[in-house]
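Visitor: One structure follows; several queries about it will come next.
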Amino acid sequence: MPAMIPKERVRTALRRGMPDRVPVFVTLKGSLARKMARELGYEFKPAAASILENRLSHHEMLTALGNDAVGVGYCYPSDAPVTRRSDGTFSDEWGFIYREVANDWGVNLEIVGRPLADISSARELTRYRFPRVDAPGRWDMAREMIARFGSHYAIIGMVELTVFEYAWNLIGLEKFVIDLSYGADYVEPLLDQVMHFNIEVARTLIGLGADVILTGDDFGTQGGMLVSPRLWRRYFKDRMRQVFDACRQANPEVILAYHSCGSIAPIIPELIEIGLQALNPIQPKAKDMEPASLKAQYGDRLAFFGGVDIQEVVPFGTVENVREEVRRRIYELGYDGGYLLAPAHDIQPEAPTANVLAIFDAVREYGQYPLPEVAQWQN
């Protein structure tokens, strides 16, 4: 098969086709990227400040190593940057308060204050002002990345935290889930505002040139769903349908992907029903998310995006363990096409540089189409 450029390779795979080889998209936590850049001789240059910074950064290094796609998204605007407060904490345009927390791999920002933590009614919600999608500087970095990479690499527009996660983050998970269960009157107006904000984010990214829109909310835990399928159907299913419909209205050719960590097996058929084309991140150790089983059940309707274990293999395994993990996922999820290989989340700081490089090496070795028949590689 003739070699494809990365953009064509990703588009073909996520439309359930068979490209020249399995494409790959690796993302890294910032402290790991800093270490790798130093070891490999690349400039360390994270993206402009964004809540999804890990997904939007280090493209020069990662495309040079073998990534076929580049993530873009919105950043904090120039007129409302993250600012340090007098007590040493930080605040942002949403009203979150952060503090710096040091660990063995660097310093992270942890949310310690939420703007709607005490909300009890829809009337109180009317006093909260959502940020503007078109705020000055919001899209400068996305435009720059698309101009630099968009003709050759697939552009993945990041619209994660699409409905559920931004809503609960504004309030706090425990309170929000309780209020969701009891049907507090502010819940649906809040979900609608978050949804409409992210519809405008998605439309902007599509207008800028995104090939793929990655939506998503983490509804899964290791052993099951964080909220019941019944509550998901009541509050989230139709809102995600509206997001997907708006994206297709903006560009019928855009590919719709959805991210949820953990086990979300009960709602996968309904995500397909409302328009999902590619499921991410396929956390292989979560209950009922075994990659080969998902491919057998849904491979005729769904592409897969992810699958490489970062809970055990990539951070703590050997290079050969990583290579075998990648080989297995390629053969399980990539047969007959329809697979974009990726870690099941941003690779965490514990991972050795050699293990990250092994992902790219194994894709080059094992990912060329046509792949072996299942019986050949299992024996």
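Visitor: So, Arg329, is that one in contact with a strand residue (DSSP E or B) (Cβ under 9 Å, 6 or more places away or on another chain), in a helix (DSSP H, G or I), surrounded by fewer than 17 Cβ atoms within 10 Å (Cβ to Cβ) and not hydrophobic (A, V, I, L, M, F, W, C) or not? Spell out how you get there, then give the answer.
Guide: Numbers: in contact with a strand residue (DSSP E or B) (Cβ under 9 Å, 6 or more places away or on another chain): yes; in a helix (DSSP H, G or I): yes; surrounded by fewer than 17 Cβ atoms within 10 Å (Cβ to Cβ): no; not hydrophobic (A, V, I, L, M, F, W, C): yes.
The answer is no for Arg329.
Visitor: If you take the residues of segment 207-259 that are touching a strand residue (DSSP E or B) at 6+ places or on another chain (Cβ under 9 Å), within 26 Å of Lys287 (Cα to Cα) and among the small types (Gly, Ala, Ser), which of them is surrounded by the fewest Cβ atoms within 10 Å (Cβ to Cβ)?
Guide: Across segment 207-259, the extreme among qualifying residues is Gly216.
Visitor: Looking only at segment 272-295, decide whether some residue is in contact (Cβ under 8 Å) with a residue 40 or more places away in the chain, of a type in the set (Lys, Arg) and either buried (at least 17 other Cβ atoms within 10 Å of the Cβ) or part of a helix (DSSP H, G or I) (or both).
Guide: The answer is yes, given that some residue of segment 272-295 is in contact (Cβ under 8 Å) with a residue 40 or more places away in the chain, of a type in the set (Lys, Arg) and either buried (at least 17 other Cβ atoms within 10 Å of the Cβ) or part of a helix (DSSP H, G or I) (or both).
Visitor: Right, here's the next one. Take Gly338 and decide whether it is at positive phi and modelled with pLDDT of 95 or more.
Guide: Values: at positive phi: yes; modelled with pLDDT of 95 or more: yes.
So Gly338 fits the description; yes.
Visitor: Which of the residues spanning segment 332-375 are in a loop (DSSP other than H, G, I, E, B) and over 19 Å from Thr12 (Cα atoms)? Please lay out each step first, then the result.
Guide: Applying the first criterion (in a loop (DSSP other than H, G, I, E, B)) to segment 332-375 yields 334-338, 344-346, 348-352, 367, 369-373.
Selection gives Ala344, His345, Asp346, Gln348, Pro349, Glu350, Ala351, Pro352, Pro372, Glu373.
Visitor: What are the residues in segment 142-181 that are under 20 Å from Trp94 (Cβ atoms), part of a loop (DSSP other than H, G, I, E, B) and out of contact with any Asp or Glu (no Cβ under 9 Å at 6 or more places or on another chain), if any?
Guide: Listed by number, the list holds a single entry, Gly172.
Visitor: Another one. What's the number of the condition Ser228 fails, among (1) without any contact (Cβ under 8 Å) to a residue 24 or more places away in the chain; (2) in contact with an Asp or Glu (Cβ under 9 Å, 6 or more places away or on another chain); (3) not basic (Lys, Arg)?
Guide: It fails just one condition, (2).
Visitor: Would you list the strands (runs of 3 or more DSSP E) that sit entirely within segment 20-133 and hold 1 or more residues that are buried (at least 20 other Cβ atoms within 10 Å of the Cβ) and touching a residue at least 24 places away in the same chain (Cβ under 8 Å)? Please lay out each step first, then the result.
Guide: Values: elements: 69-72, 97-103, 106-113.
By residue number, 69-72.
Visitor: Then there is this: Determine the pairs where a residue that is under 14 Å from Tyr128 (Cα atoms), located within segment 178-197, has a partner that is at pLDDT 95 or above and loosely packed, with under 12 Cβ neighbours inside 10 Å with Cβ atoms under 7 Å apart, the partner being 6 or more residues away or on another chain.
Guide: Every condition considered, the pairs that remain are Tyr186/Ser121.
The values are calculated or read from the model by the stated rules, or taken from the named source; none is laboratory data. All values derive from a computational prediction rather than experimental measurement. Please note: Cβ atoms are built from the backbone with ideal geometry, for glycine as well, and neighbour counts cover all protein chains shown.
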